[in-house]
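Written out below as structure tokens is the structure these notes cover.
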Amino acid sequence: MGDLQSRTRYDPGEAEPRIIARWLESGLFHPEPVGSADENMSIAVPPPNVTGALHMGHALNGAIQDTIIRLARMRGRRAKWILGTDHAGIATQRQVEKRLEAQGTSREEVGRERFADAVWAWRKEFGGQIIEQFKRLGASLDYADERFTMDAAYARAVREVFVTLHEQGLIYRDHRLVNWDPGLRTAVSDLEVQERETQDTLFHIAYPLAGGGEIVVATVRPETMLADTAVAVNPHDERYAHLVGSTATLPLVGRELPIIADEHVKTDFGTGALKITPGHDPNDFEIGRRHGLEELTVIGEDGCMTAQAGERFAGLAVAEAQTAVVTALRAQGALRAEEPYLHVVPFSQRSGARIEPLISLQWFMRMEELAGPAADAVLDGRVRIHPESQARRYLAWLEEIRPWCVSRQLWWGHQLPVWYRGEDEVHVGHEPPEGEGWERDPDVLDTWFSSALWPFATLGWPDDDPRLRAFYPTDVLSTARDILFLWVARMVMMGLRFAGDVPFGDVYVHSVIQAPDGRRMSKSLGTGIDPLDEIERDGADAVRFGLLAMSSTQDVRYSAEKVGQGRALATKLFNAVRFVLLNVAPGVAPAPRPTVLEDRWILSRLRAAKAGFVAQVDGFDFAKAALGLYDFVYGELCDWYLEFTKGREFDEDLSATVLHVVQETLKLAHPIMPFVTEELWELVPTGDPTRPPLLAAARIEPEADALADPHAEVQVTRVIAVVTALRRWRDEAGVRRGAVLHVRAEVVGAEGRDVPPGTGPTWSPDELAPLVERLAKVRFEGEGEGAGAGEGEPVATVTADGIAVDVLPTEEVDAGAAERRVAAQREALGTEIARAEGKLANGGFVTKAPPAVVEAEHDKLARLRAELEAL
């Protein structure tokens, strides 16, 4: 680190690469697979896409997991943070397709084998990017045991699960409705679907009734009516009760449609009568299956109308077909009304195309048999989801679970272990079947299928691997709420089914970091903030601290101020340790050896800070853990205790005590701010030859109960209150900075000066007065010392925490000037408060200004009122 005399500031840009290299060289992050999961501690990192770069969500979750894993190591547990990346089927395939297109070719031209080679080459070139970025963050992952969801061992685990589930009758092939992306020509998962508010037209269409008259249905997709197979009404809707069981005629087509009753139909949507198109709507599909309706498809996988749509519409793009159908309905006199309709429409996140619900021949997984045990694991407490509201979402999804489409029409991914011969022969197995004429299914598995095995497949399953015995089940999963169903629930299902236990004990659903204006972070919106830029500017410790400090609720706005707090805290730690090491007596080892009140106070506060920090991390309250650390280090240690030590002789007792406090504070701060604490660790002298050279390997133990000192805490809290009040009065009165004021103190209690002995706050002149004198620049006068300096009635009385301090008249104090200054401050604050109140009373400002601006004005008003009250 260099000479402390000349080293006056901490430079994270210089220190961080050097420190991460030391950690990696030590092997600390790669624990031996010995012992059992009960003795050890493990977390499986949510595998980032191999295509990915570190974004703010990765940075926050990385800081959360690293805080947990570092604290576990320091508490003596063998801790493994499982590392790996996901092959990210669609995202990676699109990246490589774009590269081929730039080279003037395409996936189809090069063929599947050469395309796979191109993807592996791309992964080799770019796949390690996010791993290196995790190192920049200080993440103590097991870099020596990196996994990939397409590596050979992992692929064997995926095949084992698919084949077994097929043998158990849970994986099957069927025609069912899927999310179809016409742009990519594949089924996609719910996570690849973006819901967007879209302005459409709601068309009211008359369907003639068999017995005369008509029933009017409302739809925003008249082109799909060509595949209608029923009209549905609510069984409790008296308007249509007499029609149930009769038929209506489908306009333009002439097909007779049964009128059925189903609870799903909403009586207040449109006319209350619903056209049922099982082939193109997920709710209609379920209604159709319940009522045994025919399933017709009039939109093809290319997004164009099929031959089943009829000769005049076949081949048209969907938008063109809608125009043509509406024109034909108008000509037939079947349109009854048209009205604008704002609703949410699914679009592909990858291609941008509107998602088409299509019936497609795909591979599906039955979920009911797996969902029950996954729900029970949460209900009986084996898996605890934090916050509790997310547990309710998890259980609600499992109650409504549907078959999972696990096949994808892609080339990059785990190719289905399925072979066909002719129309009827199907082989599912680890190896190709013997004989001629077999062709392998070209589809691949949904990425979420392989990801569902992550906690145990990364540890060597299906083999009896020592890593599996040592680190499964894992302890904690920290993840985002948008994959609670797609990933978390499925990992619970697969862990119970194949690894014999839940995959983790706790699931922490972390905050979503929004842009400072409350919008989602997005490059396309211009609201994205690159965490690497923040690390470059402020250092990894500052970014880690800031993200944790701002993660107090599920949706939080990015706060540059919180990162600034982290940067200031790192600087404060460096300066505090530098001050201590430049002043302590040589050859003294850290040990709690208190001799005066303030020593007992800081040791008691250190004990409380350590206990509070551990409890907050264990309770997943990372904002409180970070801000509590800040309050202890910045406030109690640096602003008060180290100030108390100035003017004292750094004898062996004080040196030992302050070194102990510094050493334990570095341990306390390390899980959140690992770089600056590691940098300072080796400089703190020790009398313990067994102390590890790396702070990351050190043990953090609770402070001894004997160091708890409630009396010292009460007394020093009183000192701090009195000093703060006196300093504020000096500023308000314009007292010269170095002037020493003459004062006297007495106990007044909360109600006034008449306090019965033994019932109010205590004031021990011998213990407390010297501390106040040093920090507030005052001198206490004894009883009967009225002559000379400090003669006469007090010019002011400052009250704090039940202690009244009379400021006595001296040439340094101009009572009139103090009063005038306070009056002027009151007047200025009153003017500002009136202006802010007027602004917030203006309905135009409140409704038209951005919410962040209005909120800032409310905060400003609260601050101004607090300042006025303090005056």
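The values are calculated or read from the model by the stated rules, or taken from the named source; none is laboratory data. Worth saying up front: this structure is predicted, and the values here are computed from it rather than measured. No Cβ is skipped: glycine too gets one built from the backbone with ideal geometry, and neighbour counts run over all protein chains shown. For the accessible areas, the whole protein counts, side chains as well, though only heavy atoms, and no ligand, DNA or RNA atoms are used. Shrake-Rupley method; radii C 1.70, N 1.55, O 1.52, S 1.80 Å.
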Determine whether the range 699-707 contains at least one residue that is under 29 Å from Ala63 (Cα atoms), part of a helix (DSSP H, G or I) and touching a residue at least 40 places away in the same chain (Cβ under 8 Å).
no
Examine the range 221-239 for a residue that is farther than 30 Å from Ala187 by Cα and touching a strand residue (DSSP E or B) at 6+ places or on another chain (Cβ under 6 Å), and state whether such a residue exists.
yes
In the range 159-186, which residues are surrounded by fewer than 21 Cβ atoms within 10 Å (Cβ to Cβ), assigned to a helix (DSSP H, G or I) and touching a helix residue (DSSP H, G or I) at 6+ places or on another chain (Cβ under 9 Å)?
Glu160, Thr164
Output the residue which, of all residues in the range 465-516 that are surrounded by fewer than 18 Cβ atoms within 10 Å (Cβ to Cβ) and small (Gly, Ala, Ser), is farthest from the chain's Cα centre (by Cα).
Gly500
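Counting only residues that are of a type in the set (A, V, I, L, M), within 22 Å of Val344 (Cα to Cα) and out of contact with any His (no Cβ under 6 Å at 6 or more places or on another chain), which one in the range 195-220 is most open to solvent (accessible area, probe 1.4 Å)? Write out each step before concluding.
Step one: list which residues in the range 195-220 are of a type in the set (A, V, I, L, M), which gives 202, 205-206, 209-210, 215-218, 220.
Retained after the next criterion (residues that are within 22 Å of Val344 (Cα to Cα)): 202, 205, 217-218, 220.
So of that shortlist, the ones also out of contact with any His (no Cβ under 6 Å at 6 or more places or on another chain) come out as 202, 205, 217, 220.
Values: Leu202: 7, Ile205: 0, Val217: 0, Val220: 25 Å².
Only one residue tops the list, namely Val220.
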Conditions (1) in contact with a helix residue (DSSP H, G or I) (Cβ under 6 Å, 6 or more places away or on another chain); (2) surrounded by fewer than 18 Cβ atoms within 10 Å (Cβ to Cβ); (3) farther than 26 Å from Phe485 by Cβ -> Val428 fails only (2)
For the range 301-319, enumerate the residues that are touching a helix residue (DSSP H, G or I) at 6+ places or on another chain (Cβ under 9 Å) and on the phi < 0 side of the Ramachandran plot.
Cys304, Met305, Gln308, Ala309, Arg312, Phe313, Ala314, Leu316, Val318, Ala319
Search result, residues across the range 283-342 that are without any contact (Cβ under 8 Å) to a residue 12 or more places away in the chain, under 19 Å from Arg354 (Cα atoms), open to solvent by 30 Å² or more (accessible area, probe 1.4 Å) and part of a helix (DSSP H, G or I):
Ala319, Glu320, Thr323
Filter the range 840-871 for residues that are under 25 Å from Ala824 (Cα atoms) and open to solvent by 70 Å² or more (accessible area, probe 1.4 Å); which is modelled with the highest pLDDT?
His858
Which residues, counting only those in the range 664-693, are touching a helix residue (DSSP H, G or I) at 6+ places or on another chain (Cβ under 8 Å), open to solvent by 20 Å² or more (accessible area, probe 1.4 Å) and not charged (D, E, K, R)?
Leu683, Pro685, Thr686
Only one residue in Leu100, Leu137 is open to solvent by less than 20 Å² (accessible area, probe 1.4 Å) and free of Cβ contacts under 8 Å to residues at least 40 places away in the same chain, so which one is that?
Leu100
Enumeration of residues in the range 433-444 that are within 22 Å of His87 (Cβ to Cβ) and open to solvent by 10 Å² or more (accessible area, probe 1.4 Å)
Arg440, Pro442, Asp443
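I'd like to check something: does the range 119-127 contain any residue that is assigned to a loop (DSSP other than H, G, I, E, B) and open to solvent by less than 20 Å² (accessible area, probe 1.4 Å)?
Start the filter on the range 119-127 by keeping residues that are assigned to a loop (DSSP other than H, G, I, E, B), which leaves 127.
Applying the additional criterion that residues be open to solvent by less than 20 Å² (accessible area, probe 1.4 Å) yields 127.
Yes, the range 119-127 contains at least one residue that is assigned to a loop (DSSP other than H, G, I, E, B) and open to solvent by less than 20 Å² (accessible area, probe 1.4 Å).
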Scan of the range 233-282 for residues that are of a type in the set (Phe, Trp, Tyr) and either open to solvent by 50 Å² or more (accessible area, probe 1.4 Å) or farther than 21 Å from Leu202 by Cβ (or both), ordered by number
Phe269
Pairs with Cβ under 9 Å, 6+ apart, first in the range 265-282 and closer than 28 Å to Glu301 by Cα, second hydroxyl-bearing (Ser, Thr, Tyr) and in a loop (DSSP other than H, G, I, E, B)
Ile276/Thr229; Thr277/Thr229; Pro278/Thr229; Gly279/Thr229; Gly279/Thr297; His280/Thr297
Looking only at residues that are β-branched (Val, Ile, Thr) and in a helix (DSSP H, G or I) in the range 595-627, which one is farthest from the chain's Cα centre (by Cα)?
Ile602
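Scan the range 457-464 and give yes if some residue there is touching a Ser or Thr at 6+ places or on another chain (Cβ under 7 Å) and open to solvent by 20 Å² or more (accessible area, probe 1.4 Å), otherwise no. Spell out how you get there, then give the answer.
Initially, the range 457-464 is screened for residues touching a Ser or Thr at 6+ places or on another chain (Cβ under 7 Å), giving none.
No, because not a single residue in the range 457-464 is touching a Ser or Thr at 6+ places or on another chain (Cβ under 7 Å) and open to solvent by 20 Å² or more (accessible area, probe 1.4 Å).
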In the range 58-74, is there at least one residue being assigned to a loop (DSSP other than H, G, I, E, B) and in contact with a helix residue (DSSP H, G or I) (Cβ under 9 Å, 6 or more places away or on another chain)?
no
Considering the range 559-618, residues that are among the β-branched types (Val, Ile, Thr) and open to solvent by less than 20 Å² (accessible area, probe 1.4 Å), and then whichever is nearest to Arg70 (Cα to Cα), we arrive at Val617
Being more than 25 Å from Leu293 (Cβ to Cβ) and in contact with a Lys or Arg (Cβ under 6 Å, 6 or more places away or on another chain): is that true of Thr186 here?
yes
Which numbered condition trips up Glu39, out of (1) within 30 Å of Pro503 (Cβ to Cβ); (2) without any contact (Cβ under 8 Å) to a residue 40 or more places away in the chain; (3) surrounded by 12 or more Cβ atoms within 10 Å (Cβ to Cβ)?
(3)
Of the residues that make up the range 344-354, is at least one in contact (Cβ under 8 Å) with a residue 24 or more places away in the chain, polar (S, T, N, Q) and surrounded by 20 or more Cβ atoms within 10 Å (Cβ to Cβ)?
yes
Residues (acidic (Asp, Glu) and over 12 Å from the mean Cα position of the chain (by Cα)) located in the range 534-563
Glu534, Glu536, Asp538, Asp541, Glu561
Test set (1) touching an Asp or Glu at 6+ places or on another chain (Cβ under 8 Å); (2) surrounded by fewer than 23 Cβ atoms within 10 Å (Cβ to Cβ); (3) not in a helix (DSSP H, G or I) - Gly13 fails condition number
(3)
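Filter the helices (runs of 4 or more DSSP H) completely within the range 642-688 down to those with at least 1 residues that are of a type in the set (Phe, Trp, Tyr).
Working: elements: 642-645, 652-669, 674-681.
Counting at least 1 such residues, we get 642-645, 674-681.
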Mind checking which residues of the range 16-57 are within 21 Å of Phe545 (Cα to Cα) and not in a loop (DSSP other than H, G, I, E, B)?
Glu16, Pro17, Arg18, Ile19, Ile20, Trp23, Ile43, Met56, Gly57
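The rows are residues; the columns are (1) under 30 Å from Val795 (Cα atoms); (2) not aromatic (Phe, Trp, Tyr).
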{"site": "His670", "(1), (2)": "no, yes"}
{"site": "Met673", "(1), (2)": "no, yes"}
{"site": "Glu678", "(1), (2)": "no, yes"}
{"site": "Glu713", "(1), (2)": "no, yes"}
{"site": "Ala721", "(1), (2)": "yes, yes"}
{"site": "Trp729", "(1), (2)": "yes, no"}
{"site": "Gly738", "(1), (2)": "yes, yes"}
{"site": "His742", "(1), (2)": "yes, yes"}
